[in-house]
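J.: This is the structure, below, for whatever I ask next.
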Amino acid sequence: MKRSFVFIFFFVLIFSCKENTNIKNDNNQIIENALSFKLGDSLIIFKIYSSGTGNIIYFNLHDDENTAVEAAENILNKITGKLIEIKASGERLISFNIDTSVYKFDPNRIFTPAGRKATLERYSKYTQQADSVVEKFALYITDTLLQNAGIIVALHNNTADNYSILSYAQGGKYASDAAQVHINPQLDPDNFFYVTQDDFYEKISKKGYNVLLQDNSKVTDDGSLSVYCGTKGIKYINIEAQKGHTQQQKAMILAIQDIISTKTVD
Ligand SMILES: [Zn+2]
């Protein structure tokens with residue numbers, strides 16, 4: 001415990017030292033920052049890169065999905081807006097203690113009460129006290145970190161096994177969550193976009209990518225950021241790519257930059 005405290009202390013120190021580091025790039029100047037949130041006895045760090053004046057926020061919420069971060073970091077000089085990367089334990093799930101109890105949850109299942117209850121129960125146990133801690137964390141993300149986002153672009157990675165655009169096609173496990181699905185059979189089904197608004201669905205499918213439009217009225221309330229954004233009418237795009245598909249994910253990020261910069265999407 002003591003050792004991890006010392007480690008966290010130095011970790012914070014390193015990030016504090018890096019605050020407002022300016023990296024000169026070809027196109028945009030990139031400003032690097034870090035913010036932290038105390039969750040029970042755990043400290044969660046958010047690394048923030050700001051590039052240009054755009055209000056797009058690229059957001060990496062699962063700490064083990066490094067391809068997504070690598071892809072975005074690689075093209076920071078070509079994107080405008082912010083990239084926010086979570087730094088927790090390096091794993092998908094986040095854990096924290098209250099007194100002697102350990103709680104664990106999936107950070108992309110905490111944005112609704114039903115989602116928080118289900119994820120705490122699935123990975124540890126649900127108590128009102130734990131729920132209130134996790135709710136504050138969720139509110140910090142939506143109302144502070146993402147407060148000024150014109151468009152939220154979530155960056156996720158999957159594995160080759162089960163989850164893909166095909167999960168949303170007819171007969172797929174999540175088919176009822178999708179209002180529309182566009183599949184390009186020439187592309188890897190693990191690389192796809194997930195959007196909450198039909199204007200983005202149209203633009204992305206016209207570019208020939210795999211994409212699905214969430215059915216905002218029927219989608220299962222699993223507490224994910226897409227469900228939250230769908231309910232609130234917030235523009236949300238998830239760029240989902242298979243682990244290791246860095247080049248493909250870079251191209252997908254640039255495709256979104258291109259769509260947004262043409263200003264044909266309101
Ligand atoms: Zn993820």
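The values are calculated or read from the model by the stated rules, or taken from the named source; none is laboratory data. Predicted model only: the values in this text are computed from it and were never measured. FYI the Cβ positions are ideal-geometry reconstructions off the backbone, even for glycines, and counts take in every protein chain you see.
J.: Name the one entry in 167, 217, 226, 205 that is surrounded by 23 or more Cβ atoms within 10 Å (Cβ to Cβ) and either modelled with pLDDT under 95 or not aromatic (Phe, Trp, Tyr) (or both).
T.: Numbers: 167 fails: surrounded by 23 or more Cβ atoms within 10 Å (Cβ to Cβ); 217 fails: surrounded by 23 or more Cβ atoms within 10 Å (Cβ to Cβ); 205 fails: surrounded by 23 or more Cβ atoms within 10 Å (Cβ to Cβ).
Going through 167, 217, 226, 205 in turn, just one is surrounded by 23 or more Cβ atoms within 10 Å (Cβ to Cβ) and either modelled with pLDDT under 95 or not aromatic (Phe, Trp, Tyr) (or both): 226.
J.: Cβ-Cβ under 9 Å, sequence separation 6+ or interchain: first residue in the range 96-120 and over 11 Å from residue 133 (Cβ atoms), partner part of a strand (DSSP E or B) and within 14 Å of the ligand (Cβ to nearest atom). Which pairs?
T.: 104/94; 106/94; 107/86; 107/94; 108/154; 108/156; 119/105
J.: Also, quick follow-up: Could you go through the range 77-99 and let me know if any residue there is within 26 Å of residue 148 (Cβ to Cβ), assigned to a helix (DSSP H, G or I) and more than 16 Å from the ligand (Cβ to nearest atom). Break it down stepwise before answering.
T.: Let us first name the residues in the range 77-99 that are within 26 Å of residue 148 (Cβ to Cβ), namely 77-88, 94.
Filter once more, keeping what is assigned to a helix (DSSP H, G or I): 77-78.
In the following step, the residues that additionally are more than 16 Å from the ligand (Cβ to nearest atom) were identified as 77-78.
Checking the range 77-99: at least one residue is within 26 Å of residue 148 (Cβ to Cβ), assigned to a helix (DSSP H, G or I) and more than 16 Å from the ligand (Cβ to nearest atom).
J.: Return yes or no: is residue 142 within 16 Å of the ligand (Cβ to nearest atom), of a type in the set (Val, Ile, Thr), assigned to a helix (DSSP H, G or I) and under 19 Å from the mean Cα position of the chain (by Cα)?
T.: No.
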